[in-house]
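What follows is a short report on a single structure.
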Amino acid sequence: MSMFKPAKNTTFNPQEINILNAGTRITGDLGSEGDLRVDGSVQGNIEVKTKLVLGQSAHVKGNINAQNCDVSGVVAGNVIVTELLTIKATAKITGDIACSKLIIEAGAEFNGNSAMRPLAMAADFRNEPAKSLKTAEQKNAASPE
């Protein structure tokens, strides 16, 4: 008997939330058609069709693309959100952001450039990032330590 048997009726349910718990590490790109909550660490890009929530213990080293995003953890990479980006007080973002709507709570750390774009422009930006927005690797290579 296999430990991981595929379910007989596997269909996508957008109401279910995918959770990557604290203590879990992923190396590689991560994508989801539905909502995703990350409390662990991801070294790679994350693309979410709906809402991404990065908890306080989340560490992401890579770019993020989502429709909506709440950041409470650490991100080293660019963040592209077509609708609402909320940067909570415990968040630390090193990289550029592009979104339609932005909320930054007092106490949050954000080091990078920001571009406020209407929904249609944000969708275009997702496919062709602006030349002014550098990758986190380019910024880290250029900055003295």
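Using the structure shown, decide if Ala98 is modelled with pLDDT under 95 and assigned to a strand (DSSP E or B).
yes
Per-residue answers, yes or no, for (1) of a type in the set (Ser, Thr, Tyr); (2) in contact (Cβ under 8 Å) with a residue 12 or more places away in the chain; (3) surrounded by fewer than 19 Cβ atoms within 10 Å (Cβ to Cβ):
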position: Glu16; (1), (2), (3): no, yes, yes
position: Gly23; (1), (2), (3): no, yes, yes
position: Leu30; (1), (2), (3): no, yes, no
position: Glu33; (1), (2), (3): no, yes, yes
position: Ile46; (1), (2), (3): no, yes, no
position: Thr50; (1), (2), (3): yes, yes, yes
position: Gln56; (1), (2), (3): no, yes, yes
position: Val79; (1), (2), (3): no, yes, no
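Could you check Ala89 against (1) of a type outside the set (S, T, N, Q); (2) surrounded by fewer than 19 Cβ atoms within 10 Å (Cβ to Cβ); (3) part of a strand (DSSP E or B); (4) over 10 Å from the mean Cα position of the chain (by Cα) and say which number it fails?
Among (1) of a type outside the set (S, T, N, Q); (2) surrounded by fewer than 19 Cβ atoms within 10 Å (Cβ to Cβ); (3) part of a strand (DSSP E or B); (4) over 10 Å from the mean Cα position of the chain (by Cα), the lone unmet condition for Ala89 is (3).
The values are calculated or read from the model by the stated rules, or taken from the named source; none is laboratory data. Since the structure is predicted, the reported quantities are computational estimates derived from the model, not experimental observations. Don't worry about glycine lacking a Cβ; one is built from the backbone with ideal geometry, like all the others, and counts go over all protein chains shown.
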